[in-house]
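Chemist: Structure provided below as structure tokens; questions to follow.
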Amino acid sequence: MELFPNKSGTVTDLLLEAAKKIKSETAGGHLRLLEIVSCKINHIIPNDIILECLNPAGTKSYRVEEIPNDQVKLEPNEFLLPVAHFQKESYQTYGVPFLLKVKNVSVDWAGF
């Protein structure tokens, strides 16, 4: 899918244009922009970043994706863990990376 946002716009403008082309019944319509480097998620790009500041070079690329409903609002004890596929060496990644929601829960081991 090709998008042609205003280059002086922000990530929000890009996501609004992408939302016009994406039709899904599974997600709540929320989108995010990910920076991908060597098949690993480098970081989630904030919505207020100006598009001119993004520089796809070398092995860096950007991916717009729908946010699953359970990841739209994170509790203070939850975070998103980037997951990448690799074979023998962790620096030799391949495939499509994704984000996994992890919850920090304290366990009372005295009850076991």
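Chemist: Can you list the residues of the range 42-79 with backbone N under 14 Å from a point 7 Å past the Cα of V102, pointing along Cα to Cβ?
Modeler: Zone members listed by number: 77-79.
Chemist: Helix 11-21 versus the longest principal axis of the chain: what angle, 0 to 90°, nearest 10, using Cα atoms?
Modeler: For helix 11-21, the angle is close to 80 degrees.
Chemist: Turning to a different aspect of this structure: Under the rule a/c < 1.5 gives rounded, and otherwise a/b versus b/c splits prolate from oblate, where does the range 27-70 land using the Cα gyration tensor?
Modeler: oblate
Chemist: Another question, then. Before anything else, pin down the relative contact order of the chain: Cα pairs under 8 Å, at least 6 apart, normalised by residue count, whole percent.
Modeler: Relative CO of the chain lands at 24 percent.
Chemist: Per residue, how many Å² of accessible area does the chain show with a 1.4 Å probe?
Modeler: About 73 Å² of surface per residue is accessible.
Chemist: If you don't mind, there's one more thing I want to ask. Per-residue HN-Hα couplings for the range 75-90, Karplus 6.51 cos²θ - 1.76 cosθ + 1.60 at θ = phi - 60°, whole Hz, x for Gly and Pro?
Modeler: So the Karplus estimates, Gly and Pro as x, are 6, x, 9, 10, 8, 9, 9, x, 10, 10, 9, 8, 9, 8, 10, 5 Hz.
Chemist: Right, here's the next one. Report the accessible area of R32, computed with a 1.4 Å probe over the heavy atoms of all protein chains in place, in Å² rounded to the nearest 10.
Modeler: About 20 Å², ignoring ligands and nucleic acids.
Chemist: Shape call for the range 50-112 from the C-alpha gyration tensor, a ≥ b ≥ c root eigenvalues: rounded (a/c under 1.5), prolate (a/b greater than b/c) or oblate?
Modeler: Taking the square roots of the gyration eigenvalues as a ≥ b ≥ c, the range 50-112 is oblate.
Chemist: Which option, (1) 58, 35, 26; (2) 37, 29, 25; (3) 40, 34, 25, is the value of Cα extents along the principal axes in Å that was calculated from these coordinates?
Modeler: Label (1) holds the value from this structure.
Chemist: Also, I was wondering about something else. Counting each DSSP H run of 4 or more residues in the chain as -39500 (n - 2.57), what helix-only mean residue ellipticity at 222 nm follows after dividing by all residues, to the nearest 500 deg cm²/dmol?
Modeler: -3000 deg cm²/dmol, from helical runs alone.
The values are calculated or read from the model by the stated rules, or taken from the named source; none is laboratory data. Just so you know, these numbers come straight off a predicted model, no measurement behind them. Note that we place each Cβ from the backbone using ideal geometry, even for glycine, and neighbour counts take in every protein chain shown. Calculation scope for accessible area: heavy atoms of the full protein, side chains included, ligands and nucleic acids excluded. Shrake-Rupley method; radii C 1.70, N 1.55, O 1.52, S 1.80 Å.
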